[in-house]
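Below is one structure, written out as structure tokens, with a few remarks after it.
All of the numbers you see were taken from the coordinates with simple rules; none came from a lab. All figures in this text were calculated on a predicted structure; none of them were measured in a lab. All Cβ positions, even for glycine, are placed from backbone atoms using ideal geometry, and neighbour counts span all protein chains on display.
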Amino acid sequence: MTTRSSPHALPIPGRRRRLGPIWITTSAWGLVLIIGLVVAAFAFLLHRGDPEGAARIANAEIEAALERDEQVLERVAVRQRYWWDYYRQTHGVLAATNRRLIYIGVPPEPLLRGVDGPPELTQASFPYTRPLEVDRGRVFLGTARGVTLIGPTSRETFAVAQHELPRLDSVLGAVTRKLDTLRAVVDAERRATEAAAAAARRPIYHLVQPGEALDVIARRYGVTVDSLLAWNALPDTRIRIGSRLLVRQGR
């Protein structure tokens, strides 16, 4: 006689107990594999570069980029990060010269090597003759100390190592002194221009000396004899020694 199983029969307990440990073991190994892949990918992308080698290259490039009579006053080793390659740092040198602030950076090696050749360097220049804003503080999402330079057409952010902070202060101090000097020169030129303009607006008088004639005085000041006659209410061209003549009207 055939025995039919009841639809309400309970499942065999032994089978479910055997499936549980297998699923847990498989999930654990899968999690370990995922974590390993993430760590490997992060280690592959993270590239701190060669700060010393980059500094040698950058310093050589800075010396080659100097113009005639341009001299480096202070310099500091810095590093940059870009949003498209955030975990791979670009190392370089930021230098203050007597004319500008110049940066040369050596990007990290590419993830996929192409044709061997010299590295493509990063360069930025901030002449002192243009507006320059210096923002010193935390950079790279607050993870490092450094400075952000904001010019008319560019913005560059640099981080420095803790032991390089005094050198950064020296660089920024040199920049501040050069900017202050240029501002003083510009202010002096502005004041001189304003004084010259004010002087040009004032009337000019001439004290008649022995032997001088009205036409000679007119040629000296670039005016006509008729103008001198009108401005000084003279009846004719005869003038007396020691008389004070208006030779240029005020504006």
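Worth a mention:
- Residue by residue, the range 163-173 carries 3J(HN,Hα) couplings of 6, 9, 4, x, 5, 4, 4, 5, 5, 5, x Hz when phi is fed to the Karplus relation 6.51 cos²θ - 1.76 cosθ + 1.60 (θ = phi - 60°); x denotes Gly or Pro.
- Over the range 203-248, Cα pairs under 8 Å with separation of 6+ residues give a relative contact order of 59 percent.
- 3J(HN,Hα) along the range 217-228: 5, 4, 5, 4, 9, x, 10, 9, 5, 4, 5, 4 Hz, from the Karplus curve 6.51 cos²θ - 1.76 cosθ + 1.60 with θ = phi - 60°, whole Hz, x for Gly and Pro.
- Full extension of the chain between TYR221 and ARG201 yields a length gain of 5.7 nm, computed as 0.36 nm times the residue separation minus the alpha carbon distance.
- 18 Å reach of a label modelled at VAL185, 7 Å along Cα-to-Cβ, counting backbone N of the range 49-78: 67-74
- Farthest positive-ward along the range 203-248 dipole, Cα basis, beta-carbon charges - from VAL216, GLY242, ASN232: GLY242
- Gyration tensor (alpha-carbon) shape descriptor, the range 203-248, a/c threshold 1.5: rounded
- For the range 132-144, backbone phi angles converted through the Karplus equation (6.51, -1.76, 1.60; θ = phi - 60°) give residue-by-residue couplings of 9, 10, 10, 10, 8, x, 7, 10, 6, 6, x, 8, 8 Hz, Gly and Pro being listed as x.
- For LEU101, residues with placed amide H under 5 Å, excluding near neighbours: PHE126, TYR128
- Within the shell defined by Cβ-Cβ distances under 15 Å, the residues around LEU234 carry a net charge of -1, with Lys and Arg each +1 and Asp and Glu each -1.
- Amide H contacts under 5 Å for ARG145, placed H, 5+ residues apart: VAL139, VAL160
- Separation of the ALA192 and ARG138 label points, Cα + 7 Å toward Cβ, nm: 4.8 nm
- Charge sum, other residues only, whose C-beta stays under 13 Å from VAL139's C-beta, Lys/Arg counted +1 and Asp/Glu -1: +4
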